[in-house]
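Engineer: Before we start, here is the structure in question, set down as structure tokens.
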Amino acid sequence: MKQTKGINIMQFIRDNILCIFLVGLGLLCWIITIMASRASKKTGHYVSGVPGVGGILIIIGFLTSPVKWLALIGLLDFHLWYFVVRVIPDIILIEREERNYIPPEELEGGKVVEYSQRKKEFEYIIKKNEPPYASASFRINRYVIIEKDGRYILLKYEHNIKLADRIECDTIEECKKHASPKAKWIKR
């Protein structure tokens with residue numbers, strides 16, 4: 001009789017090895033996240049855990065087992081709910097606002113003449129700053145041409161708010177040559 005129980009336990013472990021591994025890893029991630037949040041409160045410095053990963057691994061782990069309803073335990077990870085309720089709607093709202101953005105009449109001290117429709121990425125630029133070891137990278141997704149003191153200036157923006165570069169030109173066409181050829185221009 002003991003021989004039969006030993007075989008059943010070994011068979012259970014063999015059949016559910018993926019479930020055991022994923023649930024164990026999920027619990028480890030969950031513990032790391034809880035400990036990191038406590039360390040953050042204690043020290044006053046931000047300590048990163050792996051938020052949401054534990055819950056996802058527990059859900060996937062129990063979905064590979066014969067007792068699938070235990071996957072509901074993974075939903076106890078509040079980071080999953082925070083992601084669904086807070087982060088996803090914020091991402092959608094930001095995308096919508098960036099897509100529908102119209103620059104003001106005046107920008108950077110000049111009158112807006114033309115601007116481009118927003119695109120995910122027109123170009124990618126890296127600017128070297130002083131001292132030489134410092135640099136910044138930008139994903140340009142909007143161009144704006146302004147007129148200031150009889151000259152035209154091409155402004156390159158990242159996410160409609162971060163000015164990445166400004167190029168002075170004599171004509172609007174010259175400004176457009178410094179922009180991506182994919183840009184679709186809208187006159188003001």
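The values are calculated or read from the model by the stated rules, or taken from the named source; none is laboratory data. Remember, predicted model here, so these are calculated numbers, not experimental data. We place every Cβ from the backbone using ideal geometry, glycine too, and count neighbours over all the protein chains shown. These area figures cover heavy atoms from the full protein model, side chains too; ligands, DNA and RNA do not enter into them. Shrake-Rupley method; radii C 1.70, N 1.55, O 1.52, S 1.80 Å.
Engineer: Identify the residue in the stretch 127-139 that is open to solvent by 40 Å² or more (accessible area, probe 1.4 Å) and either modelled with pLDDT of 70 or more or not in a strand (DSSP E or B) (or both) and, among all such residues, is nearest to Arg99 (Cα to Cα).
Structural biologist: Applying the first criterion (open to solvent by 40 Å² or more (accessible area, probe 1.4 Å)) to the stretch 127-139 yields 127-133, 135, 137, 139.
Then drop every residue that is not either modelled with pLDDT of 70 or more or not in a strand (DSSP E or B) (or both), which leaves 129-133, 137, 139.
Details: Asn129: 30, Glu130: 33, Pro131: 36, Pro132: 35, Tyr133: 34, Ser137: 22, Arg139: 15 Å.
Only one residue tops the list, namely Arg139.
Engineer: Report every pair of residues separated by at least 6 positions or lying on different chains whose Cβ atoms are under 7 Å apart, first residue within the stretch 15-38 and surrounded by 15 or more Cβ atoms within 10 Å (Cβ to Cβ), second among the charged types (D, E, K, R).
Structural biologist: Final answer for the pair search is Trp30/Asp77.
Engineer: Another question, if that's okay. Can you give me the number of residues within the stretch 75-118 that are within 23 Å of the chain's Cα centre (by Cα), outside any loop (DSSP other than H, G, I, E, B) and more than 22 Å from His159 (Cβ to Cβ)?
Structural biologist: First, pick out the residues of the stretch 75-118 that are within 23 Å of the chain's Cα centre (by Cα): 75, 77-101, 117-118.
Filter once more, keeping what is outside any loop (DSSP other than H, G, I, E, B): 75, 78-99.
Subset that is more than 22 Å from His159 (Cβ to Cβ): 75, 78-82, 84-85.
Residues in the stretch 75-118 being within 23 Å of the chain's Cα centre (by Cα), outside any loop (DSSP other than H, G, I, E, B) and more than 22 Å from His159 (Cβ to Cβ): 8 in total.
Engineer: Could you tell me which residue of the stretch 60-69 is surrounded by the most Cβ atoms within 10 Å (Cβ to Cβ), considering only residues that are part of a helix (DSSP H, G or I) and in contact with a helix residue (DSSP H, G or I) (Cβ under 7 Å, 6 or more places away or on another chain)?
Structural biologist: Initial filter on the stretch 60-69 (part of a helix (DSSP H, G or I)): 60-63, 68-69.
Those left that are additionally in contact with a helix residue (DSSP H, G or I) (Cβ under 7 Å, 6 or more places away or on another chain): 60-63, 68.
Values: Ile60: 17, Gly61: 24, Phe62: 22, Leu63: 14, Lys68: 11.
Only one residue fits best here, namely Gly61.
Engineer: Scan the stretch 157-176 for residues that are in contact with a Phe, Trp or Tyr (Cβ under 6 Å, 6 or more places away or on another chain) and open to solvent by less than 30 Å² (accessible area, probe 1.4 Å) and jot them down.
Structural biologist: Those that are in contact with a Phe, Trp or Tyr (Cβ under 6 Å, 6 or more places away or on another chain) and open to solvent by less than 30 Å² (accessible area, probe 1.4 Å): Glu158, Asn160, Ala164, Cys169, Cys175.
Engineer: What single numbered condition from (1) open to solvent by 50 Å² or more (accessible area, probe 1.4 Å); (2) under 30 Å from Leu154 (Cβ atoms) fails to hold for Leu72?
Structural biologist: So Leu72 meets the others, but not (2).
Engineer: Here is a further query. Of the residues Ile32, Ile20, only one is assigned to a helix (DSSP H, G or I) and either touching a His at 6+ places or on another chain (Cβ under 7 Å) or closer than 16 Å to Ile73 by Cβ (or both); which? Before the answer, list the steps.
Structural biologist: Working: Ile32 fails: either touching a His at 6+ places or on another chain (Cβ under 7 Å) or closer than 16 Å to Ile73 by Cβ (or both).
Exactly one of Ile32, Ile20 is assigned to a helix (DSSP H, G or I) and either touching a His at 6+ places or on another chain (Cβ under 7 Å) or closer than 16 Å to Ile73 by Cβ (or both), namely Ile20.
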